[in-house]
């Protein structure tokens, strides 16, 4: 599992790692049921404090992306779509609206936004694009 | 909650008129790596010497591994390992000979690790300690401290003089120790980019007083430097945020550093004060934070 952390960006390591692991799950790079590295392995690979790894996993578990099984480790949730569709829509409504507002402010029009949405959707499904770690 | 390794309450040390350490409340748990920061003369070394039982506090209490370090007997003291910038071992010993000696002295000595680090630090076939380079001397002292398998590792500028490769090995080994959960690491260093990734907690000392103490990741979430292109008064901004630095950069520019930035609250602030909505907010890494909190040249806002 490849995760890129920019240690000096000032952006919390926790946020960077959570974002990237979530991305790997939605893009299908990490399959449901697959096991994540142990705390120690993750601390070794990323060269970060194990307490930070614990926090990353707790946050992912809290968001329902992974499940923590006592004594066994961390696993990608079998169904990340536990929420009903209307609930899921509500969950992302704010971030979609924020992105739209920003796009409109910068002078984009509905067609541009539709195209963008489509492009990003297909990129994720096609497993091509790496998430942008440097945006904030 | 993990076992408490270090606990101080109102720990104070005076040298004559001068207060070197002023009412320090510290708590370090097993499994934690604490980054102990401060400018030169902030009181770090004095604090460390009290933790080691080398100095007697003027006031307050200090407990290390459950007892007063001043009162500890030899077997209790062996549970604390220590490396400092100025530490030396007898000049006639080679690193390999020093390992042999320490192995007999410390009951929990980790010989496998010693063998591994001898290779990685390239110390196996070097000469007597006095003939070594500064970097090799540091590596020798670090090796001896790490292999002691102590419950508390106190390191005062351990990595100064190490090359990048050796620093990486050192960091990796400190992280391994933290994974064992039984040990606490107390790490004082000016190499803030090293600390950035390894520590979980940071403690910042300024003129003997604690000015920041908590999880580094938590600080990063909230700390922001905000540039306004309009005049903003300290009162206005302090109504919404915890301000740690306020500066009128020019007639129309204001630069503010806050501890608890939050987008929604900032939007609320911008809605009330016209012209502030175009402010730029910058996150800060550990080095930025350190400079921001310890700079002496400007009037500082009283910290919350």
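Laboratory data are not the source of any read-out in this text; all were calculated from the coordinates shown. Being a predicted model, the structure only gives us computed values, none of them experimental. Cβ sites come from the backbone with ideal geometry, for glycine too, and all protein chains shown count toward neighbours.
With viscosity set to 1.306 mPa s at 10 °C, what whole-number translational diffusion coefficient in µm²/s follows for the range B:4-218 from Stokes-Einstein and a Kirkwood radius over Cα pairs?
Value of D from the Cα-based Kirkwood radius: 90 µm²/s.
Averaged over its residues, how many other protein chain Cβ atoms are within 10 Å of peptide B:25-34's Cβ atoms?
For this peptide, the per-residue mean of nearby foreign Cβ atoms is 1.
What is the spin-label model distance, in nm, from residue A:108 to residue B:125 if the labels are put 7 Å beyond Cα along the C-beta direction?
With each label point 7 Å from Cα toward Cβ, the separation is 6.2 nm.
What is the distance in Å between the Cα centroid of the range A:1-31 and that of the range B:39-93?
Cα centroid to Cα centroid, the span is 40 Å.
What does the average come to when, for each residue of peptide B:278-285, you count the partner chain Cβ atoms lying within 10 Å of its Cβ?
Taking the mean over all residues of the peptide, I get 2.
Return the average number of partner chain Cβ atoms within 10 angstrom of each residue Cβ along peptide A:6-15. Present the calculation step by step, with values, prior to reporting the outcome.
Details: counts 1, 7, 8, 4, 13, 4, 9, 5, 5, 3.
Across the residues of A:6-15, the mean count of other-chain Cβ atoms within 10 Å is 6.
Over the C-alpha atoms of the protein assembly as shown, what are the Rg and the largest Cα-to-Cα span, Dmax, in Å?
Cα radius of gyration and Dmax of the protein assembly as shown are 25.1, 78 Å respectively.
Does anyone have the angle between helix A:50-62 and the longest principal axis of chain A? Alpha-carbon axes, 0 to 90°, nearest 10?
50 degrees
Identify which of A:79, A:95, A:27 has the largest mean-square fluctuation in a Gaussian network model of chain A, with springs joining Cα atoms closer than 10 Å.
A:95
If you count, for each residue, the other Cβ atoms within 10 Å and average over each peptide, how do B:93-99, B:249-255, B:27-33 line up from highest to lowest? Display every interim value, and only then the final one.
Numbers: B:93-99: 19.0, B:249-255: 12.9, B:27-33: 21.0.
By packing density, highest mean first, the sequence is B:27-33, B:93-99, B:249-255.
Among B:184, B:268, B:42, which one moves the most in a GNM of chain B with springs linking Cα atoms closer than 10 Å?
Among B:184, B:268, B:42, the largest mean-square fluctuation in the Gaussian network model of chain B belongs to B:268.
Calculate how many DSSP beta bridges within the range B:4-218 are antiparallel, expressed in % of all such bridges and rounded to the nearest 5.
Roughly 50 percent of the beta bridges in the range B:4-218 run antiparallel, per DSSP.
Which residue, B:123, B:37, B:195, has the most motion in a Gaussian network model of chain B that connects Cα atoms within less than 10 Å?
B:123
What is the distance in Å between the Cα centroid of the range B:233-291 and that of the range A:42-103?
Centre-to-centre distance over Cα atoms comes out at 30 Å.
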